[in-house]
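Trainee: If you scroll down you'll find the structure; I have some questions about it.
The values are calculated or read from the model by the stated rules, or taken from the named source; none is laboratory data. Note that the structure is a prediction, hence the values are computed from the model and not measured. Quick reminder, even Gly has a Cβ in these numbers, built from the backbone with ideal geometry, and neighbours come from all protein chains shown.
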Amino acid sequence: MRTGECGCGNIKIRTNGEPEIRLICHCKSCQKRTGSDYSHNVYFFHEQVEIIGEVKNYTRTAQEDRFLTNYFCPECGMTLYWHMDVLPKITGIAISVFDVDDFDMPEESIWEKFKRPWVEFSLQLKHLHGQSE
């Protein structure tokens, strides 16, 4: 089991088992959400995730007219997790939410068509121009 929380500690997350997907995302939405050049995320099946506390959500249109709902703390505003219409059984979680960093390295680098030209990784990743295939 891994645990994590938002910046103020108001919302807690618990996950069981290993994530189904580990990736780095360069899409414009993740750049805006994080204020960074990319995001580092893990994806678990819904039944592996427990959320403790009241969250707010915001649904927006993502790449290719897909829908994504971000869930965030109403106190500190930190986005903790999200659901995407393209992966209906999966919860995405920012890796920075967790108290420990014992995840295996990411397997994919997606939406590289939006990748900043100076961002390079010395990892053996599957490089995708768009979404996971």
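Trainee: Out of the residues in the stretch 73-89 that are touching a Phe, Trp or Tyr at 6+ places or on another chain (Cβ under 7 Å) and modelled with pLDDT of 95 or more, which is nearest to Lys32 (Cα to Cα)?
Mentor: Checked the stretch 73-89; the qualifying residue nearest to Lys32 (Cα to Cα) is Tyr81.
Trainee: Okay, next question. Please go through the stretch 43-63 and give me each residue that is of a type in the set (Gly, Ala, Ser) and under 13 Å from Met84 (Cβ atoms), ordered by number.
Mentor: Passing the criteria: only Ala62.
Trainee: A follow-up question, please. Out of all the residues in the stretch 38-76, which are of a type in the set (A, V, I, L, M) and either surrounded by 13 or more Cβ atoms within 10 Å (Cβ to Cβ) or farther than 20 Å from Val100 by Cα (or both)?
Mentor: Val42, Val49, Ile51, Val55, Ala62, Leu68
Trainee: Consider the stretch 87-105. How many of its residues are hydrophobic (A, V, I, L, M, F, W, C), outside any loop (DSSP other than H, G, I, E, B) and farther than 14 Å from Gly4 by Cα?
Mentor: Matching residues across the stretch 87-105 total 2.
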